[in-house]
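Okay, so here's the structure we're looking at.
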Amino acid sequence: MLTLFFVDDLPTTVGTKYEFANEDANHAIRVLRMQSGGYFNLSDGKGRWSHVEILEVHKKHLTVTVLESGFQEPLESTFTIIQAIPKGDRIKEAIELCTEGGADRIVMWKAARSIGKSEDKIEKLQNTAREASKQSRRFRIPAVVGVATTANIIDEIAKVDLAVVFHESATMKLSQVIVPGAKKIAIIIGPEGGLTDDEIDAFAAAGAKVALMGRPILRSAHAGLAALSAINTSLSVW
């Protein structure tokens, strides 16, 4: 699969010459050692893409020509990960894994037992999602938003067809709460210290389904990826 870079001014007309000159271009030149005649993809991060060939390599930019362009339609089901803020570098890890797992939107949530802080990091976390999208060759960069309160999360639940809260005390398996044909899905991931009874009750009252993902219990930063995989698998059965 071809290397992917993002640009704000994506060229889409076949035959167009374009100067690729952002920080990614510098990486392509200095680290990847790309040469004339090489190929890679550019995208606007919103689904549009162009397949380009390198014509000339300069000190700080590449001159490329557009060979083909297109638009990647979003998948039938869209996923919002509501991630209780984990501590330290696990915030970044959670964003990377959720992006690589296919999340369309990631909401950072200040749960009652959240230890980490991200009020001053949303822009950095959005950049983390951008970098993870390049790594996983995604033409769509998920939005990272927040910081949300529990009241905000209740509002989020009202906007989707299916909201799932994963908790070890649940008596129902994921397969028992899946809604066939659900298009908008929210996955609520608690913090390292776990969800409080009040949070679980509030989300359930708002319409969220409380389910057991399985054993063993995963770290908060890893649970989003596992949940995405599990729900996608369950939806494919229907």
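Overview of values
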| item | result |
| --- | --- |
| Conditions (1) open to solvent by 20 Å² or more (accessible area, probe 1.4 Å); (2) in a strand (DSSP E or B): number failed by LYS92 | (2) |
| Subset of the stretch 183-200 (residues that are closer than 13 Å to HIS222 by Cα and open to solvent by 30 Å² or more (accessible area, probe 1.4 Å)) | GLU192 |
| Answer from ALA226, ALA151 - the residue that is open to solvent by less than 70 Å² (accessible area, probe 1.4 Å), under 16 Å from ALA103 (Cβ atoms) and without any contact (Cβ under 8 Å) to a residue 40 or more places away in the chain | ALA226 |
| Any hit, the stretch 40-51, residues being under 13 Å from the mean Cα position of the chain (by Cα) and of a type outside the set (Phe, Trp, Tyr) | yes |
| The one condition in (1) crowded, with 17+ Cβ neighbours inside 10 Å; (2) touching a helix residue (DSSP H, G or I) at 6+ places or on another chain (Cβ under 6 Å); (3) closer than 17 Å to LYS46 by Cβ that SER136 fails to fulfil | (1) |
| So ILE82, is it crowded, with 17+ Cβ neighbours inside 10 Å, closer than 24 Å to ASP24 by Cβ and within 23 Å of the chain's Cα centre (by Cα) | no |
| Residue pairs meeting the criteria (Cβ under 9 Å; at least 6 apart or on separate chains; first without any contact (Cβ under 8 Å) to a residue 24 or more places away in the chain, in the stretch 3-31; second in a loop (DSSP other than H, G, I, E, B) and open to solvent by 90 Å² or more (accessible area, probe 1.4 Å)) | ASN22/ASP8 |
| ALA163, sole failed condition from (1) over 18 Å from LYS92 (Cα atoms); (2) modelled with pLDDT of 95 or more; (3) open to solvent by 40 Å² or more (accessible area, probe 1.4 Å) | (3) |
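The values are calculated or read from the model by the stated rules, or taken from the named source; none is laboratory data. Everything quoted here is computed from the prediction, not taken from an experiment. Ideal geometry is used to build each Cβ from the backbone, glycine not excepted, and the neighbour counts take in all protein chains shown. Note: accessible area is taken over every heavy atom of the protein model, side chains too, but ligands, DNA and RNA are not part of it. Shrake-Rupley method; radii C 1.70, N 1.55, O 1.52, S 1.80 Å.
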